[in-house]
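See below for the structure under consideration.
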Amino acid sequence: QVQLVESGGGLVQPGGSLRLSCAASTRTFSSYTMGWFRQAPGKEREFVAAIRWSRGNTYYTDSVKGRFTISRDNAKNMVYVQMNSLKPEDTAVYYCAAGSTILVPTSLNEYVYWGQGTQVTVSS
C-alpha cells in the first residue's frame with residue numbers, strides 16, 4: 001500500500017507560479033512511475049504530467065508543455081510539479097498518482113494509488 005499526500009495548492013493570479021509537492025509513504029518509491037492529474041468542476045480527471053522511475057523520462061499534456069515541470073527526489077520519496085505562467089484554465093483539483101507497472105504514463109487507469117488532491121485556483 002502506498003499513501004500519497006499532496007500539498008502546495010492555493011490561490012494565485014494569472015501568470016503566477018505554484019509548486020505542488022507529493023509525499024509518498026513507501027520503501028520502494030524509486031520503482032514507481034509518478035503522475036499528476038487534475039479535475040476541474042464538471043469535467044473528467046485529466047492527465048497533466050508523469051515521470052518514470054527509470055531514467056526519469058517525463059511526459060506532459062500539450063496544454064502545460066513549457067509551463068510545468070515535473071521532478072522527483074527518490075531519496076525523499078517526493079514528486080513535484082513546478083507550475084509557471086498559470087492560466088485560469090489551470091484551475092482544478094490536482095492529484096498525485098503512483099503505479100509500478102505502467103505502460104502508458106498518460107493513462108489515468110494505469111495508476112493504482114491516488115492522493116486526496118490539492119486545490120489550485122488561478123484568478124485575479
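In the range 13-59, how many residues are β-branched (Val, Ile, Thr) and in contact with a helix residue (DSSP H, G or I) (Cβ under 9 Å, 6 or more places away or on another chain)?
Qualifying residue count for the region: 2.
Can we say Ile102 is in a loop (DSSP other than H, G, I, E, B), open to solvent by less than 50 Å² (accessible area, probe 1.4 Å), under 20 Å from Leu4 (Cα atoms) and in contact with a strand residue (DSSP E or B) (Cβ under 8 Å, 6 or more places away or on another chain)? Steps first, please.
On the way: in a loop (DSSP other than H, G, I, E, B): yes; open to solvent by less than 50 Å² (accessible area, probe 1.4 Å): yes; under 20 Å from Leu4 (Cα atoms): yes; in contact with a strand residue (DSSP E or B) (Cβ under 8 Å, 6 or more places away or on another chain): yes.
Criteria met by Ile102.
Using the structure shown, decide if Val5 is under 18 Å from Gly115 (Cα atoms), open to solvent by 60 Å² or more (accessible area, probe 1.4 Å), out of contact with any helix residue (DSSP H, G or I) (no Cβ under 9 Å at 6 or more places or on another chain) and among the hydrophobic types (A, V, I, L, M, F, W, C).
Criteria met by Val5.
Could you grab me the full set of residues in the range 37-77 that are closer than 23 Å to Gln116 by Cβ, open to solvent by less than 30 Å² (accessible area, probe 1.4 Å) and not in a strand (DSSP E or B)?
Ala40, Val64
When you look at Val81, is it more than 23 Å from Val2 (Cα to Cα), in contact (Cβ under 8 Å) with a residue 60 or more places away in the chain and surrounded by 16 or more Cβ atoms within 10 Å (Cβ to Cβ), yes or no?
No: the conditions fail for Val81.
The values are calculated or read from the model by the stated rules, or taken from the named source; none is laboratory data. All figures in this text were calculated on a predicted structure; none of them were measured in a lab. A quick note on method: Cβ atoms are made from the backbone with ideal geometry, for glycine too, and the neighbour counts reach across all protein chains shown. Accessible surface areas use protein heavy atoms only, side chains included; no ligands, DNA or RNA. Shrake-Rupley method; radii C 1.70, N 1.55, O 1.52, S 1.80 Å.
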